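The values are calculated or read from the model by the stated rules, or taken from the named source; none is laboratory data. Note that the coordinates shown come from a computational prediction; the quantities given were computed from them, not determined experimentally. Cβ coordinates were reconstructed from backbone atoms using ideal geometry, including for glycine residues, and neighbour counts include every protein chain displayed. Only protein heavy atoms, including side chains, enter the accessible area calculation; ligands, DNA and RNA are left aside. Shrake-Rupley method; radii C 1.70, N 1.55, O 1.52, S 1.80 Å.
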Amino acid sequence: MSALMPGQRSFDELGTPLHDTTFCVLDLETTGGSRNDDMITEIGAVKVRGGECLGTFHTLVNPGRAIPPQITVLTGLTDAIVHDAPRIETVLGSLVDFLGDAVFVAHNASFDLGFVRAALARDHRNEYRPTVVDTAALARRLLRDEVPNCKLGTLASRLRLDHTPTHRALDDALATTDLLHLLLERAAGLGVLGLDDLVSLAKLAGHPQAKKLTMTTSLPRSPGIYMFCGNRDEVLYVGKATNLRQRVRSYFGREDRRRIGPMLREMQRVRHLELADPLSAEIVESRLIARMLPRYNRAGTRADKYCYVRLDDDSPWPRLAVVKEPSATGLHLGPLPSRSMANLVVEAVHSVVPLRRCSTRLGTRHVPTPDATPCSAAQLGVSQCPCAGRADRGTYDSAVATTGRAFRGDPQALVLRLTGRLADLAAVQRYEEAALVRDRLSALLAAVRRQQLTAALLAADRCVVRRGDISWVVDRGRLVDVTIAGEAGRALPVDPPEPPADDRPLRRQQVDEALCLAKYFDKHADRLEVVSCSGSWTFPIATAIEMPRLDGQPAGRTAEPPDTPVSVSATVSSISMTVAPS
């Protein structure tokens, strides 16, 4: 299954086919095993492409020091043999030219590559950072059950390679070249046809489901959606990727999440949707997850648990409440991803403004009884209690106005009070209470940030936004079309949700897509061109809130509040706040 991929993909997107890849197989002999203390005594290299030898490179090297006896026994090289050979500084230029931009191949590549880099560094040459293929690692991955060990000599003997390693550089390089060609044939059986697949193959660590790698052979190296399907073709998991082939193959590597193993055992087929760009992929992913509710997906499947914080500012004595659905009147903050987050937001507001906490309905003509008992919060002096006649109208209206501003995207007054309380608690070393205030502040900032993003997206109404050759058509918080320069617009393969009602909060089923679009537009605003907009375009949104430093330093700008809690480290005299990246 495929859809929506513009024109011809670039060479990089396709990945370099192995038959077009130039490999340079290198082997070194040295005076010992330390790249910093020992020196190279012999270099052998073979350059191949498409199974054909393009050239060889071989030279002895004078190490400038005595060759240890044990090395002479192993390699046959003596001080007399290398006496008239050139020094490594003389050889490096020719070696670098021979290596060029070919893929670096060696048996235990870290050893040979380490010596080459150390020699280049000592000669003050440019750093060498090639694409590396280690035949020892590939052999452990592909041949481990067929041989007692993966030493080059053992592999050459058991696999009957054309060349026999002799602990001399060129002989060993030729034997490694034979081994490379054999490994490429074996890897092709696992769907390894491109260089990127080959480089990642050694990292798969003998995965028990490795045979299923053949399911990835037809996957493109482009953005899109992948779906793992079970025996009855039911969708087990939906995911997005910038590079579909690379992402799906990564599940067979060192992915240690607990649910991955059982999911791969159940998987019998991989389906995919090829899309124009990563943003479209993320949107389609959220729609498919919401529609299919795959068993192994968690994110995006819990819209039914989203909720709102409501301030009924149309009532005589407004109060806060956590509600499942927005009401026809009042101010709403949300939808928020969990009731626990909503409760933290309510606690954050209640801890710094004296809104009533009781749930009694109070009309305009409410008259408290003489024996009415104030609620416990009012008795503690942290809230007003109009139901018992203990409320000052001016003070209460001011508290409602402060809360309303936060709900509309300006939490400055609440933040200042919360940070002041945090500093006071830290000053007397009441760190557990300070941590609770921190969590409330973090939840409030995250909720307001979500509100700012979705409000800005809805304010744009219908807009066409372009970045490079890609244009997105967004209508009231929904992605409705994607166009590629020079091509007609094409609808996304999954229909968007219903548009939100006018002047009402987003529904729970709409917020994930809206946040995805808004965060992207906010992050990349300086790279976007607004082609048309029927509303007002306000991206990027100002995210800095002036907050006093808690260690007595001048005020500074805080980082953007995330959806996840901030971390606090407490010292004897202060608390430092660090916002984790969203």
Exercise. Surrounded by 15 or more Cβ atoms within 10 Å (Cβ to Cβ) and under 30 Å from Tyr226 (Cβ atoms), is that true of Pro326?
Worked result: no
Exercise. Name the residues in region 33-66 that are at negative phi and in a loop (DSSP other than H, G, I, E, B), would you?
Worked result: Gly33, Ser34, Arg35, Asn36, Asp37, Asp38, Met39, Val61, Pro63, Arg65, Ala66
For this session: Please work out which one of (1) open to solvent by 10 Å² or more (accessible area, probe 1.4 Å); (2) in contact with a Leu (Cβ under 9 Å, 6 or more places away or on another chain) is the condition Met215 fails and give its number.
Result: (2)
Seminar exercise, completed: The residue that is nearest to Tyr128 (Cα to Cα), considering only those in region 82-99 that are part of a helix (DSSP H, G or I) and open to solvent by 80 Å² or more (accessible area, probe 1.4 Å), is Asp97
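Do you know which residues across region 102-147 are among the β-branched types (Val, Ile, Thr) and open to solvent by 40 Å² or more (accessible area, probe 1.4 Å)?
Thr131, Val132
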Exercise. Going by the structure shown, is Leu155 assigned to a helix (DSSP H, G or I) and crowded, with 21+ Cβ neighbours inside 10 Å?
Worked result: yes
Seminar exercise, completed: Scanning region 447-498 for residues that are open to solvent by less than 30 Å² (accessible area, probe 1.4 Å) and part of a loop (DSSP other than H, G, I, E, B), the one farthest from Arg310 (Cα to Cα) turns out to be Leu492
Problem set entry | Any hit, region 2-16, residues being at pLDDT below 95 and among the β-branched types (Val, Ile, Thr) | yes
For this session: Kindly indicate the residue of region 127-146 that is within 20 Å of Ala188 (Cβ to Cβ) and part of a loop (DSSP other than H, G, I, E, B) and also nearest to the chain's Cα centre (by Cα) among those meeting that condition.
Result: Thr131
